[in-house]
Every structure is written in C-alpha cells, then in structure tokens.
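Q: A single structure is presented below for examination.
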C-alpha cells in the first residue's frame with residue numbers, strides 16, 4: 001500500500017487535507033505522520049514513503065520557507081500535485097454549557113491571530129494561551145476543566161472528545177493553505193518536453209550584481225504571454241545579497257511559448273531547475 005507522509009500530530013489541517021485528498025482521488029494509501037516538514041521530505045528522498053503532502057503557503061501568513069528551501073537544494077524531489085485547502089477554525093469545548101463562562105482558550109499562535117476579532121468580541125475577559133499546535137490545544141482542553149476551550153480543526157477536537165461550540169470563527173473567510181504533494185524523481189535531462197498540468201514550478205539563481213536582471217527575466221515570460229501566479233525569493237546561502245527565485249507559471253500559453261520562455265530564462269540564469277509540472281486541486 002502506498003504511504004503518504006504528512007506533518008503531525010493527528011488532527012491537524014495537514015491530516016484533514018490528506019484524508020480529503022484520499023477520498024477525492026479514491027486512492028488507498030496509508031498516512032505516515034512525522035513531527036516536522038524536514039522529516040516528511042527526508043522520508044520521500046529516502047523512499048520510505050512514496051510521497052509527502054506538505055504546506056507551502058498560507059494566504060494570510062505567507063510562505064512556508066522550510067518547504068521551499070528543501071526543494072531548492074534537492075535534485076530528486078519534484079512536485080506532483082497542488083492542493084488548495086480552506087482553513088476552517090472551530091471553537092471546541094468539553095460540553096455545550098454557557099460558552100460565556102469560558103475562562104481560558106488554547107490554540108497555536110496562527111489560529112489565535114486569525115480569530116483575534118472573534119475572540120475580542122465574544123471572549124474579552126478570557127485568558128488566551130498559545131500552544132505548540134492546535135492538536136495539542138485540543139488535548140489540553142480534553143484533560144482540563146469545562147471552562148476551557150480550544151481553537152482547532154474539527155477533527156482535532158473530535159479525536160479528543162470535544163464538541164463544537166462555534167464554527168468557522170476565522171476573521172477572514174479567504175484563508176487557504178496550499179499544499180504540495182512531493183515525490184522522488186531525479187531530474188530529467190530533458191525536463192521541458194511536455195507541459196501536462198495546470199502549473200509549472202521552476203527555480204533559478206540570477207546574477208543580482210547586474211542592474212535589471214530580474215526585470216529581464218520577467219520580460220521573457222511577459223512577451224510570450226506566460227502568466228506568473230507567484231514569485232518568491234529566498235537567500236542563496238552563498239554570499240550576502242545572493243538570491244534564488246521561485247516562479248510558478250500557468251500552462252495556458254502553450255508548450256512552445258513555455259519552452260521558449262524557460263529556455264531564455266535558463267540562458268540568463270546561473271542555474272535553473274524544473275521542480276515539476278502538476279495539476280491543481282481545489283478542496
């Protein structure tokens with residue numbers, strides 16, 4: 001049976017997303033839970049799991065840098081698909097007694113920030129306590145008094161015997177996390193023959209000492225009608241001021257325009273890698 005590595009513990013958005021993907025794809029695979037993203041991708045690289053589902057970006061909090069950094073420095077990891085996951089936060093308690101009596105609310109720092117207005121309006125007197133994860137918050141509330149609550153995914157609460165006191169309490173409804181499913185695939189000598197997918201992810205290093213280097217690269221995409229959905233820079237970790245760039249490209253411009261633009265960017269780069277052509281699934 002196929003093994004899919006995910007970021008734990010059980011009950012996190014990563015597990016919820018993986019279980020949804022399993023049902024959507026109608027694939028029978030086993031989830032292998034790891035304590036951090038590095039361990040998930042290390043398991044893919046070592047072939048102890050067939051693939052790993054890891055977060056790469058949140059629409060409110062930004063990029064997950066460790067995912068990008070590991071992809072940038074690997075010659076064997078490739079993106080096979082993207083999943084866009086809607087983040088829904090639940091207020092969960094041990095019992096449905098008067099929620100106004102809640103004295104402490106536990107969660108990870110990100111959900112606490114995402115639900116700040118809800119908390120200020122409904123629980124201005126409650127003590128807010130940050131935890132290592134939303135799953136850990138649910139565990140604490142499960143073992144504590146009835147006047148404690150957790151902000152967590154619904155599954156995390158139910159795994160710990162909690163019930164829903166309020167649902168979808170995030171301040172911004174446009175809260176999504178993008179996940180990449182990453183597989184082991186050594187770089188192909190001819191990686192740009194076909195573009196069967198919704199997006200392409202490439203990474204390159206540009207000579208930043210030359211004025212207009214990035215602008216020159218972007219022009220290669222623009223003049224061929226290639227749409228960039230995302231640009232991300234990360235330190236090259238060589239010398240101060242050196243950067244690498246991630247470009248996510250839509251495939252609508254056609255194979256020839258894509259091939260020509262990537263070839264032109266390759267010629268203007270110190271190096272360039274193809275990190276995958278893949279479909280995008282919206283949950």
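Q: In what order do 85, 20, 271 fall by count of nearby beta-carbon atoms within 10 Å, going from fewest to most?
A: Numbers: 85 23, 20 14, 271 10.
The fewest-first ordering by Cβ neighbours comes to 271, 20, 85.
Q: Note the full-extension length gain between residue 242 and residue 117 as 0.36 nm times their separation in residues minus their Cα-Cα distance, in nm to one decimal.
A: Working: separation 125, 0.36 × 125 = 45.00 nm, distance 3.97 nm.
Extending this stretch completely gives an extra 41.0 nm.
Q: In nm, to one decimal, how far is the modelled label at residue 59 from the one at residue 39, with both set 7 Å along Cα→Cβ?
A: 3.1
Q: Would you calculate the separation in nanometres between label points at residue 75 and residue 101, each defined as 7 Å from the Cα along the Cα-to-beta-carbon direction?
A: Each label point is offset 7 Å from its Cα along the Cβ direction, giving 6.5 nm.
Q: Could I ask something else about it? Quick check: the angle from helix 255-267's long axis to the longest principal axis of the chain, C-alpha only, nearest 10 degrees?
A: 80
Q: How tilted is helix 13-25 with respect to the longest principal axis of the chain? Cα atoms for both, answer in degrees (0 to 90, nearest 10).
A: So the inclination is approximately 70 degrees.
Q: Related question: Where does helix 213-222 land angle-wise versus the long Cα axis of the chain, in degrees 0 to 90, nearest 10?
A: Around 90 degrees separate the two axes.
Q: Given 0.36 nm per residue, what is the gain on full extension from residue 125 to residue 145 after removing their alpha carbon distance, in nm? List each step's numbers first, then the result.
A: Numbers: separation 20, 0.36 × 20 = 7.20 nm, distance 1.71 nm.
So the chain would gain 5.5 nm between residue 125 and residue 145.
Q: Once you put a point 7 Å from the Cα of residue 48 and another 7 Å from the Cα of residue 88, both along the Cβ direction, what distance in nm separates them?
A: With each label placed 7 Å out from Cα toward Cβ, I get 3.4 nm.
Q: Taking the Cα centre of each part, how many Å lie between the stretch 100-174 and the stretch 1-48?
A: Taking the Cα centre of the stretch 1-48 as reference, the centre of the stretch 100-174 is 25 Å away.
Q: Just from its helices, what would the mean residue ellipticity at 222 nm be for the chain, if runs of 4 or more DSSP H residues each count -39500 (n - 2.57) and the sum is divided by every residue, rounded to the nearest 500 deg cm²/dmol?
A: Details: 9 runs with 81 residues, N = 283.
Value at 222 nm, helices only: -8000 deg cm²/dmol.
Where a number appears in this text, it was derived from the coordinates with a stated rule and is not lab data. Since this is a predicted model, take the numbers as computed values, not measurements. No Cβ is skipped: glycine too gets one built from the backbone with ideal geometry, and neighbour counts run over all protein chains shown.
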